[in-house]
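Here is the structure we will look at, set down as structure tokens.
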Amino acid sequence: MSLSLANSIAVQSRARALAPLCVGAGAYLFFLYVGDTLLQDSDSFWQIKIGQWILDHHALPYTDFYSFTRPSEPWISTSWLSQVLFAISYAQWDWAGPVILTALAVALSAAILVDLLDAHLETPRTVLFAMLAVVLSLHHILARPHILALPVMIAWVGMLMNAADRKVAPSWYWLPLMSLWANLHGSFVLGLALIGPMSLVAIWDMESGKQVRLLLRWFLFGVAALAASCVTPYGWRTLLGATSILNLGELLTVISEWSPVNFASFNAFEGALFGLIAIGLYRGLTLSMPRILLILLLTWMALTHVRSIEAFAFLVPLVLAKPLGERSPLPQPDTSGGASWPARYVTATGALMIVAAAWTSTSIFMAHHRFTFTMDQTPAAAVDLLEKRGAQRIFNAYKFGGYLISRDIPVFVDGRAELYGETFVMDFFKAVEVKKLDNLTRLLDGYRIDATLLAADSPGAQVLDHIKGWKRLYADKIAVIHVRDDQQTAAVTSSK
């Protein structure tokens, strides 16, 4: 190897070492700058509220105490650790805390992806894959627990894929990662489900005798991972709680993040599918059947539920990395003598400078910007009025549930769909959309509702103007309040 080529490879190696940190810092600063867009889902309110309850009581919830429709019903929080982290950050820095925490999680996710892909692909391609993954996930990057679990998901699947590529079983030293994931978010069941397909990648094209031995080792690892997922305060109930959301049937088609992908207009995910096909055709990729199975599984998940697009975006590149890299192998530096002290010093100095720049930028930006939650999910004026009137049983819009919980007001329904069940929530949605008029009146009478708090553009709010026994008390661009006629009311207030 010539001296110039060796030096070139050494320089590239140092650049590659800093690439994950650079990508992570870029992602962090971007999401810090657009931090208000992370505060668009009222579920963030009740996530923080539960985290604060856990901190205050030094205990975990086992029953519901936030609704008046399901009081004392069994319910556990499979995201308790994320909720505690969000609650701590919110208590310290108001909404800037959850924004910074979310931005850090996305940055770590992008950095881990670049680092994992770096073993097989050139740096520009790893950075491109990370950028595309973030862009595809933009619709679901919110200050909620699933984002805190995202870097753990990528690291876990990357570890499985690395073991499968090397035709070995995963190391049991990685099992604590599954325990961490299980305490952060219920999506850990995906990590368990992928062990089987990954084991098939590992044993593909091996001799039958070796296949059996390696498959047995993967099976034992899978059992250990299942046990590790139960290392939570809830034990084995964590697994049951995490899978309960998948049993909601028709309801999953109504909740936007669980609905199928809509191809009525061109979107980024559609472009990604076309790009995936184009890569396969252009590069002439020949994949093993288990790898094809993995890609089809992740694609099916993304097509079925839009919230799974981020798993597709971050995990498919890990499945494709080795086959793509084999078509253009990377030059390997001569590491027999180890990296020199000056080279290590330059790399460490560069890393410290990147971290310092990100921290300084955060301090400067926070000094001049106040993060606020999106207005259409925070009907503050309407809730103030309801509190003054002493309303006890409020029929609230689904998206207002989290905000009401943050104000310590019992809710009719909120984002914990697994608590309320398919039948109840579907009845609620049909009532609000007035698909059946008797659904609305039946729920209002059956639950002895004394006030309604619905979105301003809700069909139910418009119909209540014409239902005998109800009258509009308040309306603004966010929410509408109706109360029963037989209550003593103040003059109708309207602000448009």
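ARG448 to ALA367: FRET efficiency via 1/(1 + (r/R0)^6), r the Cβ-Cβ distance, R0 45 Å, to the nearest 0.05?
With R0 = 45 Å, the Cβ-Cβ based efficiency is 0.35.
For a quick check: sort THR423, THR102 by the number of other beta carbons within 10 angstrom, fewest at the front.
Going from sparsest to densest Cβ surroundings: THR423, THR102.
Once Lys and Arg get +1 and Asp and Glu get -1 on their Cβ, which of TYR420, ALA461, GLY402 lies farthest toward the positive end of the dipole of the range 375-494?
Sorting the options by dipole projection puts first ALA461.
If the chain between ALA380 and ASP485 were fully stretched, how many nm would it gain, using 0.36 nm times the residue separation less the Cα-Cα distance?
Contour length minus Cα-Cα distance gives 35.4 nm.
Treat every Asp and Glu Cβ in the chain as -1 and every Lys and Arg Cβ as +1, leave all other atoms uncharged, and give the resulting dipole magnitude about the Cα centre to the nearest 20 debye.
With Lys and Arg at +1 and Asp and Glu at -1, about 560 debye.
Would you please give the FRET efficiency between LEU216 and LEU293, computed as 1/(1 + (r/R0)^6) with r the Cβ-Cβ distance and R0 = 30 Å, to the nearest 0.05?
Numbers: r = 21 Å, r/R0 = 0.69.
Efficiency, from the Cβ-Cβ distance: 0.90.
What per residue convex hull volume, in Å³, do the alpha-carbon atoms of the range 111-236 yield?
Numbers: hull volume 13.6 nm³, N = 126.
Looking at the range 111-236, the number lands at 108 Å³ per residue.
In the chain, with Lys and Arg counted as +1 and Asp and Glu as -1 at Cβ, which of these residues, ALA357, ALA96, THR286, has the Cα nearest the positive end of the dipole, that is, farthest along it?
Going by the Cα projections, it comes out as THR286.
Straight-line reach from LYS477: which aspartates and glutamates have Cα under 12 Å away, leaving out those fewer than 8 places along the same chain?
The qualifying aspartates and glutamates are ASP376, ASP457.
A 23 angstrom limit on the alpha carbon distance is what I want to check against. Which of LYS388/LYS471; LYS430/LYS468; LYS399/LYS435; LYS388/LYS435; LYS49/LYS471; LYS436/LYS468 exceed it?
Violating the 23 Å Cα-Cα cut-off are LYS388/LYS435; LYS49/LYS471.
Order by neighbour count: ARG407, ARG291, fewest other Cβ atoms within 10 Å first, most last. Each step should come with its number before you reach the end.
Details: ARG407 15, ARG291 22.
Fewest-to-most ranking of ARG407, ARG291: ARG407, ARG291.
Listing HIS482, HIS139 from the residue with the fewest other Cβ atoms within 10 Å to the one with the most, what is the order?
Arranged by neighbour count, lowest to highest, HIS482, HIS139 become HIS139, HIS482.
Quick one: putting +1 on the C-beta of Lys and Arg, -1 on the C-beta of Asp and Glu, what dipole do you get for the range 30-89 around its Cα centre, in Debye to the nearest 20?
Magnitude of the dipole: close to 100 debye.
Distance from the Cα centre of the range 163-235 to that of the range 433-449, in angstrom?
For the range 163-235 versus the range 433-449, the Cα centre distance is 48 Å.
Nearest 5 is fine: what % of DSSP beta bridges in the chain come out antiparallel, could you say? List each step's numbers first, then the result.
Working: 11 of 17 bridges.
Counting only bridges with both partners in the chain, antiparallel ones make up about 65 percent.
Multiplying the sequence separation of ARG237 and ASP56 by 0.36 nm and subtracting their Cα-Cα distance, what value in nm do you get?
Computed gain between ARG237 and ASP56 is 62.9 nm.
Mind checking which aspartates and glutamates have their C-alpha under 17 Å from LYS322, skipping anything on the same chain fewer than 8 residues away?
ASP115, ASP118, GLU122, ASP165, ASP205
Could you work out how far apart the two model spin labels at ARG327 and TYR173 are, taking each label as a point 7 Å from the Cα in the direction of the beta carbon, and quote it in nm?
3.4 nm
None of the figures in this text is laboratory data; all of them are computed from the coordinates on show. Because the structure is a prediction, the values reported are computed rather than measured. Backbone-built Cβ (ideal geometry, glycine too); neighbour counts: all protein chains shown.
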